[in-house]
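Have a look at the structure below before the remarks.
Derivation of every value follows stated rules applied to the coordinates shown; laboratory data play no part. Source: prediction; values computed, not measured. Every residue, glycine as well, gets a Cβ built from its backbone with ideal geometry; the counts of neighbours run over all protein chains shown.
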Amino acid sequence: MFLVLAFVLFACEPANPAAEPQIVNVYATSVAQPWLTELYSCAANSGVVLNVSPESPEIYLRVGGPNSLVSPAYKIGQEEILIATLRESPVQNLTLAGAQDLFARGNPSTHVWVYPSDADMQGVFDQLVMQGRSVSSSASIAVSVQDMIDVLKSETAAIGILPRHAMMSDLREVYSAGTVPVLAVTKSEPQGAVVDLISCLQNN
């Protein structure tokens, strides 16, 4: 009887217990959201579970590099940075000097919008356009790309900064600041699933 029971118990155990899925902590700035969507697809194909958190992410997606980049960073794409308005705006196409003057001094007929000073979008805009000049203290702050879109679509006098991928039919670009890399930044040299995910992003 003992042998029969032992055989039955053993037979009920799964031959190959399912392996625990690997969890990778990731985060993306608002401008890098399209690449986060791609990262989800990469993770699904490799059986990895993503945990989106700003707390010590293993993969951090952003545009442009900070002034002092000490962590490994890998180019996974590129993005064009634009100055944009509503199509009905009286603002015409700008030169670099005109863009610098408008964002540094303001204009009675326009409402200038920028991002928080520590945002990656604002950092690349300052590098490409402002080039050492400070943004006007009267400029309003948009906390995300979606916030900037909402503002530009609702205010005829508003002028702000958008990535090319966020442009819509009712908005008009008045200046292209240039193209910057989209980066996947890691805490240390990537290993295992992190390497696979970054490679997948680079090949998409």
Protection proxy ranking, peptides 170-181, 67-78, average beta carbon neighbours within 10 Å, highest first: 170-181, 67-78
Centre separation in Å (Cα based) which lies between region 25-90 and region 161-204: 5 Å
Relative contact order [Cα under 8 Å, 6+ residues apart], region 80-180, whole percent: 54 percent
Zone of S117's modelled label, taken as backbone nitrogen in region 128-146 under 12 Å from a point 7 Å along Cα→Cβ: 134-137
Considering only the chain, percent of DSSP beta bridges that pair antiparallel, nearest 5: 65 percent
Gain in span if fully extended, Q92 to T156, counting 0.36 nm per residue against the direct Cα distance: 21.7 nm
Around G178: net Lys/Arg minus Asp/Glu count, Cβ-Cβ under 13 Å: -3
Least to most buried among R87, R62 (fewest other Cβ within 10 Å first): R87, R62
Candidates T85, T37, T186: whichever shows maximal mean-square fluctuation once the chain is modelled as a Gaussian network with Cα springs under 10 Å: T37
Among V49, V185, V112, residue whose mean-square fluctuation peaks in a GNM of the chain (springs only between Cα atoms under 10 Å): V49
Theoretical gain in end-to-end length, E173 to S56 [0.36 nm per residue, Cα-Cα removed]: 38.6 nm
Considering only region 80-180, percent of DSSP beta bridges that pair antiparallel, nearest 5: 75 percent
Electrostatic dipole magnitude of the chain [Cβ: Lys, Arg +1; Asp, Glu -1; Cα centre; debye, to 20]: 420 debye
